[in-house]
Structures are given as C-alpha cells and as structure tokens.
Amino acid sequence: DEMTQQCAPEKYQVRKLTWEEVETIYRTHMQKDFPRGEIKPFTLLQTLQELGNNKSFGLFEGQNNLLAYAIFESSSQGTAWLLDYLAVCEGGRGLGLGSIFLQELRELLQAEEETCPVAIMGEIERIDQAQNAEELQTRTRRKQFYLKNGFCETGIFTKADGGIDYEIICFSIRKELRDGEAACAMRNIYETFFAEGEYAVYEN
C-alpha cells in the first residue's frame, strides 16, 4: 500500500538483539504491547536464553532506533522456530513496518544457512473459538495480517499454554511445513518446553 512504499527498506536494518536489549524490551515495550496474561515470566525467558533456545531480532532505523521486535523459541531438536512475540513499537503502527520486518528477517535468516530455521511456526487463537464479536474481529484481523505477509495455513491445530486452542501457521524460510511436517515441528517445539500431557497437536 501507499504507506509501505514510503518506507524505503534501505533505511532499515534487521539484526539479532543482544540479551541486554531483550531485557530492556521486556521491561518497557512488551509491558505495553501485550496483555499481561500473555507475557512470560522474565526468569523463563532467561532460562531459554541460557539453553540457547531464545532467538530475538529487531527492526531498527539507524543503529539504535528500535521500530519492531520479534522473539522466537527454537526446539532442542528439529529446525523450526516458534514465533513467541511480534510487535511494532508504539508510534510506528499502521506504517507497514511489520511487513517490512518479516521480509527483511526472512532475507537475513536465509543468508545465515548454518543457523537458519527451515520455517517459523506461529500460534494464532482459533477464530472459530472466539467468545464474542470483538474477539472474533481481533482474531480475524490477526490471521489476515499473517497470511498477507507470507504465512500459510498448515491444517494443524494445538492446545497448549494451559488449554488455549491454537491454529498453527507457517512462515517459510527454506520450506513451507504443512500437515504431518507441521505437526512434527510443533511436537518438537512443545516437547522442549512442556511436559507430556500439557499439550495436544492434531489435524482438525
């Protein structure tokens, strides 16, 4: 759209975040960008970092002006990452920065073949489980954003995080994962973070 075209990607850069930057983002931006119930305890993020399972990136204008950020979890086995948090910082929304961030991030990861995930998996709350019209609208809008920006439906659904029903979507870095491959990727991810019985992965 018009706004996106005004944002010439040359002026932006995507890079890995330092742990100090992740900590600052957690204590400032994340508290405003996500409902309190969706924010993991900081000690959990710290543990993931120590295990090497936390992967965090930011979209910057210049060296230090943070415009958007994403936090991923990688599984101990398998090469898919789970998108945990994605947000455009306050003041930058509606400018197409989320779209630019995802496309630039894909290019960055594709260039890092050694450490690059095969795909990024996303959990979105199931539209057909919305409790009211407002929730339905929010969930529909969220799914449309992801599909518009290169994610695909996988045909896989999960129950995790204390019983939340998710639809699983996939952002290809080297390959789109659907059906059985997507289910396998999600089991690998959940096995890393949950005990058996704390999650379910299924085709609808």
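The values are calculated or read from the model by the stated rules, or taken from the named source; none is laboratory data. What you see is a predicted model; the values in this text were computed from it and never measured. Neighbour counts run over all protein chains shown; Cβ positions are idealised from the backbone, glycine included. Ligands, DNA and RNA are stripped out before the accessible areas are found, and what is left, the full protein with its side chains, is counted by its heavy atoms. Shrake-Rupley method; radii C 1.70, N 1.55, O 1.52, S 1.80 Å.
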Over the chain, relative contact order from alpha-carbon pairs under 8 Å, at least 6 apart, %: 18 percent
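In deg cm²/dmol, rounded to 500, what helix-only [θ] at 222 nm does the chain give when every DSSP H run of at least 4 residues adds -39500 (n - 2.57) and the total is split over its residues? Don't jump to the answer; show the numbers that get you there.
Details: 7 runs with 75 residues, N = 204.
Rounded to the nearest 500, the figure is -11000 deg cm²/dmol.
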Label-to-label distance, nm, for residues given as residue 34 and residue 111 (7 Å Cα→Cβ offset): 2.7 nm
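First compute the accessible area of the stretch 1-126 with a 1.4 Å probe, then give the percent of it belonging to carbon and sulfur atoms. Don't skip to the end; give the middle numbers.
Numbers: 3050 of 6330 Å².
Within the stretch 1-126, the accessible surface is 48 percent carbon and sulfur.
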Per residue accessible area of the stretch 52-204, 1.4 Å probe, in Å²: 47 Å²
Residue 134 paired with residue 50, simple spin-label distance in nm, labels 7 Å along Cα-to-beta-carbon: 4.0 nm
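Considering the convex hull of the alpha carbon atoms of the stretch 54-204, report its projected area averaged over all viewing directions, in nm², one decimal.
On the way: hull surface 38.1 nm².
If you wrap the Cα atoms of the stretch 54-204 in a convex hull and average its projections, you get 9.5 nm².
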The stretch 103-164: Cα Rg divided by the 2.2 N^0.38 Å rule of thumb: 1.38
Nearest-10 value in Å² for the accessible area of residue 67, using the 1.4 Å probe: 30 Å²
